[in-house]
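*Asks:* Take this structure, written in structure tokens, and hold onto it; I'll ask about it next.
The values are calculated or read from the model by the stated rules, or taken from the named source; none is laboratory data. Owing to the predicted nature of the structure, the values given are computational and were not obtained by experimental measurement. Counting neighbours? That spans all protein chains shown, and the Cβs are built from the backbone with ideal geometry, glycine included.
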Amino acid sequence: MNLTKLRNEQVQLIEYLKEGGYSDDYISVIKCEIKSLLQHGENYDSYLDYFENYIKKEYPSINAWKRKYYTLVTIMNFDVYNEYPTRNHYKHKLIDNSNYSNLNNNFKNIIDNYEKVANKKSYKENTIKSKKIAAASFLNYMQSKGYTDILDIKENDIFDYILDDKGEFKYSESYLKSTKQVLKANTLYIEGIEKIIELFPIIHTPRKNIDYLTEEEINKIKNVINDDEVNVSLRDKTIIILLLYTGLRQSDIVNLKLSDIDWENEKICITQVKTQEPLELPLQPIVGNALFNYITKERPKVDIENVFIRENANLPIKPCALNTITNKIFKLANIREGKRKGTHIFRYKIATMLLKNKVPQIIISQILGHKSPETLKHYLSVDFPHLKECTLDIEIFESNKEER
């Protein structure tokens, strides 16, 4: 795609955002995306092609997926259509002309059938959208090979789609899994589609050990937020305390409402953004005191239900702001340099602490707000002390000394 206009006029977009009161965090995200586009974008046919390639390679979390999508929509509207952003309204959307619109009716029906099944199961809109993109890419490729019926596809065609010239996988395990999930939803509608699903190879992506906060790092963080001479706002300190002591997700902290805090009964009661399930947590004194101090001493007197407000505008904070806050605290504490950052490592720490104290796993899942206790298995990989207890002494096995 031709990015000459974006290269020459990007300053105008940035100035517009500054004058419009957009947050520094948001403007920073836009700048980073423009830089990436100018470095790599000309290798793609369109903004959609660029975005779909990102999903194929990274297959990120829903929050990352949405952030990338809407950032690109903002830039595309300015670059291609000369339209400036108007908050959350986008005149031109990125996937209006997606692979789906180019499919024949047979292939469109496959995606439509998946959407029916997914809606019945109450899948989140963005989950459905990401899986549709993956499947549409696959079906569009098969259509370009001359296929009009899913049952005619051969194994070699599938390998041509998923492997590059060096015989390496072009797509992540999650991306191909999404395509298969769309096809599996069609077992109710297309007899024999199971045979096509079985042609997909299984890709095992090795899990890395989860990098989590150590006790030393936790103590350094506490030292920062307890030091009155450190330049950290009450808002930021309160957010860090919520992360440290509640295990709430980033999205739930951003969406925390004043009415969610039950001061009389000392509870926090929310409906989780990710699972839409209710969650009730005890309002620990350190958490309650931090919330009370921020709300009464620093929070702007605005008619907004959200607890946490932006510092430079009377609007609720956005999820990306929490990453900026945690990174600031990590820097002040002189920790996490070159290591994983973000907010999720606080949840890992709480999980390992509870496991260490032999809290039943079902209780830990309830505290972390998991929809299913099975989700906790992912956290077990960071509980090194208890994993060591599971090791076996090789001396218990008989062996021939000559074979040693």
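*Asks:* May I ask you to verify whether ASN289 is in the same structural domain as LEU242 (by TED's automatic domain parsing) and either touching a residue at least 12 places away in the same chain (Cβ under 8 Å) or part of a loop (DSSP other than H, G, I, E, B) (or both)?
*Replies:* Numbers: in the same structural domain as LEU242 (by TED's automatic domain parsing): yes; either touching a residue at least 12 places away in the same chain (Cβ under 8 Å) or part of a loop (DSSP other than H, G, I, E, B) (or both): no.
No.
*Asks:* Let me ask something additional. Please state which one of LYS120, LYS124 is over 20 Å from LEU199 (Cα atoms), free of Cβ contacts under 8 Å to residues at least 40 places away in the same chain and of a type in the set (Lys, Arg). Don't jump to the end; show me each part of the working.
*Replies:* On the way: LYS124 fails: free of Cβ contacts under 8 Å to residues at least 40 places away in the same chain.
None of the others qualify; the one that does is LYS120.
*Asks:* Further question: Against the definition (polar (S, T, N, Q), in the same structural domain as LYS328 (by TED's automatic domain parsing), at pLDDT below 90 and part of a helix (DSSP H, G or I)), how does SER259 come out, yes or no? Step through it out loud before you land on a result.
*Replies:* On the way: polar (S, T, N, Q): yes; in the same structural domain as LYS328 (by TED's automatic domain parsing): yes; at pLDDT below 90: no; part of a helix (DSSP H, G or I): yes.
Here the answer is no, as SER259 does not meet what is asked.
*Asks:* A follow-up question, please. Anything in the range 13-48 that is among the polar types (S, T, N, Q) and in contact (Cβ under 8 Å) with a residue 24 or more places away in the chain? List them, or say none. Let's see the steps before the verdict.
*Replies:* Of the residues in the range 13-48, the ones among the polar types (S, T, N, Q) are 23, 28, 36, 39, 43, 46.
Those that are among the polar types (S, T, N, Q) and in contact (Cβ under 8 Å) with a residue 24 or more places away in the chain: SER23, SER46.
*Asks:* Where residues in the range 149-160 are farther than 12 Å from ILE110 by Cβ and of a type outside the set (D, E, K, R), which of them is surrounded by the most Cβ atoms within 10 Å (Cβ to Cβ)? Working first, answer last.
*Replies:* To start, the set of residues in the range 149-160 that are farther than 12 Å from ILE110 by Cβ comprises 152, 154-160.
Going one step further and asking which of them are of a type outside the set (D, E, K, R), we end up with 156, 158-159.
On the way: ASN156: 9, ILE158: 19, PHE159: 13.
Result: ILE158.
*Asks:* For LEU48, only one of the following conditions fails: (1) modelled with pLDDT of 80 or more; (2) among the aliphatic types (A, V, I, L, M); (3) touching a Phe, Trp or Tyr at 6+ places or on another chain (Cβ under 8 Å). What is its number?
*Replies:* (3) is the only condition that LEU48 fails.
*Asks:* How many residues does the range 323-353 contain that are closer than 16 Å to LYS222 by Cβ and part of a helix (DSSP H, G or I)?
*Replies:* Number of matching residues: 13.
*Asks:* Can you name every residue in the range 193-219 that is assigned to a loop (DSSP other than H, G, I, E, B), in contact with a helix residue (DSSP H, G or I) (Cβ under 7 Å, 6 or more places away or on another chain), at pLDDT 70 or above and more than 19 Å from ARG340 (Cα to Cα)?
*Replies:* LEU199, PHE200 - these are the residues of the range 193-219 that are assigned to a loop (DSSP other than H, G, I, E, B), in contact with a helix residue (DSSP H, G or I) (Cβ under 7 Å, 6 or more places away or on another chain), at pLDDT 70 or above and more than 19 Å from ARG340 (Cα to Cα).
*Asks:* Tell me, yes or no, whether the range 302-309 has at least one residue that is touching a His at 6+ places or on another chain (Cβ under 9 Å) and charged (D, E, K, R). Talk me through it step by step, then tell me what you get.
*Replies:* Step one: list which residues in the range 302-309 are touching a His at 6+ places or on another chain (Cβ under 9 Å), which gives none.
No, that holds for no residue.
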